[in-house]
Amino acid sequence: MSDDEERVVREEVGYALDELFRIDILDTLLPHLNTPNTQLRTHTLNLFASCTRSTTQRAVLTTWTPPSERAKEVRARRGWEVAPLGPGWVVRELIKSALSLLAALCRDSPGIVGALVKPDREGYVPLDSVLGYAKGRRVGVQIGACLCLTHAIRASLTTPPTAAPIQALEDTCVRTVINVVEGLIKDDRVDVGLRTRGCYVLNYLATDHPMICRAVMEQGCVESLALLVKSITPDEVVEGEEGKKGCRFWRMRVWVLLSCVRCVFVSPYSPLHSFTPYA
């Protein structure tokens, strides 16, 4: 290829990249970061990881928000107000996608968990970053981090007692997940879908592990779950209303009840195990 031909190709590639970062194109591609399809999410991540080269492109990505959120911002602002610039939706979704991928890798993989809890030469422990996200203020990111920690905890339960680095972090991770999930369960302002995911994480965390069930009960999560299921269960079923409300809350109700059963009826530390009705 001659120098002139190479120059033409570079110009065409530059034009193609500029087209990729148009708002209407981003409105089509970036929502895939929030899809449940792991492969599609990974391909979207790889696409923008390889194509983002300039300061302008980075600024466009970090300030992009979904069209629905942009419409809310426009309606909420007065004519002379300017929208604040800074990392937003894309950054949060990138973090959530990375945590989701890390959770998938940790599941049933004690070797990967061992690498995450092993300090490097400077003393940095990778799993500490996940703990930091779990203690953050973005609920979606918190849930992703808690799921990742839960998979790490469950994988660590299959390791031999000599696996000291994993054992050392297990208690910290368990307490963090329980505290975060309980806070989400008790907060009526949190989206129903996110609270449902929190109940799923708690149920998976406590499965077949008496000591974790005990920690959940000591933290008061069972009482919070009971109050939650009561609040989303109508006293009287009105024809036509249950269908609307059921579509929104039935999944949450299932996971709340499963979590209660897991901790109250399965745990040997439950008061029910000392109850002898026919004594």
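Okay, here's what the table says:
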item: Residue count, segment 117-130 (criterion: in a helix (DSSP H, G or I) and surrounded by fewer than 20 Cβ atoms within 10 Å (Cβ to Cβ)); result: 3
item: Residue in segment 214-243 that is modelled with the highest pLDDT, counting only those that are open to solvent by 20 Å² or more (accessible area, probe 1.4 Å) and assigned to a loop (DSSP other than H, G, I, E, B); result: Thr233
item: Search result, residues across segment 3-31 that are open to solvent by less than 80 Å² (accessible area, probe 1.4 Å) and not in a helix (DSSP H, G or I); result: Phe21
item: Residues of segment 188-213 satisfying the condition of being in a loop (DSSP other than H, G, I, E, B) and either within 27 Å of Lys118 (Cβ to Cβ) or open to solvent by 40 Å² or more (accessible area, probe 1.4 Å) (or both); result: Asp188, Arg189, Asp191, Thr207, Asp208, His209
item: Single condition Ala49 does not satisfy, out of (1) at pLDDT 80 or above; (2) open to solvent by 50 Å² or more (accessible area, probe 1.4 Å); result: (1)
item: Exclusive hit being within 17 Å of Ile95 (Cα to Cα) and of a type in the set (Val, Ile, Thr), set Thr63, Thr56, Thr28; result: Thr63
item: Test result for Val125, more than 23 Å from Val256 (Cβ to Cβ), touching a helix residue (DSSP H, G or I) at 6+ places or on another chain (Cβ under 8 Å) and at pLDDT below 90; result: yes
item: Tally of residues being loosely packed, with under 15 Cβ neighbours inside 10 Å and in a helix (DSSP H, G or I) across segment 32-41; result: 3
item: Residue that is modelled with the highest pLDDT [pool: residues in segment 12-37 that are in contact with a helix residue (DSSP H, G or I) (Cβ under 7 Å, 6 or more places away or on another chain) and farther than 16 Å from Arg58 by Cα]; result: His32
item: Sole residue being at pLDDT below 75 and surrounded by 12 or more Cβ atoms within 10 Å (Cβ to Cβ), chosen from Gly88, Gly114; result: Gly88
item: Neighbours by Cβ (under 8 Å, 6+ apart or cross-chain): first from segment 208-228, within 22 Å of Arg253 (Cα to Cα); second buried (at least 20 other Cβ atoms within 10 Å of the Cβ) and basic (Lys, Arg); result: Cys213/Arg262; Leu228/Arg195
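The values are calculated or read from the model by the stated rules, or taken from the named source; none is laboratory data. Since this is a predicted model, take the numbers as computed values, not measurements. Glycine also receives a Cβ, built like all others from the backbone with ideal geometry; neighbour counts cover every protein chain displayed. Accessible surface areas use protein heavy atoms only, side chains included; no ligands, DNA or RNA. Shrake-Rupley method; radii C 1.70, N 1.55, O 1.52, S 1.80 Å.
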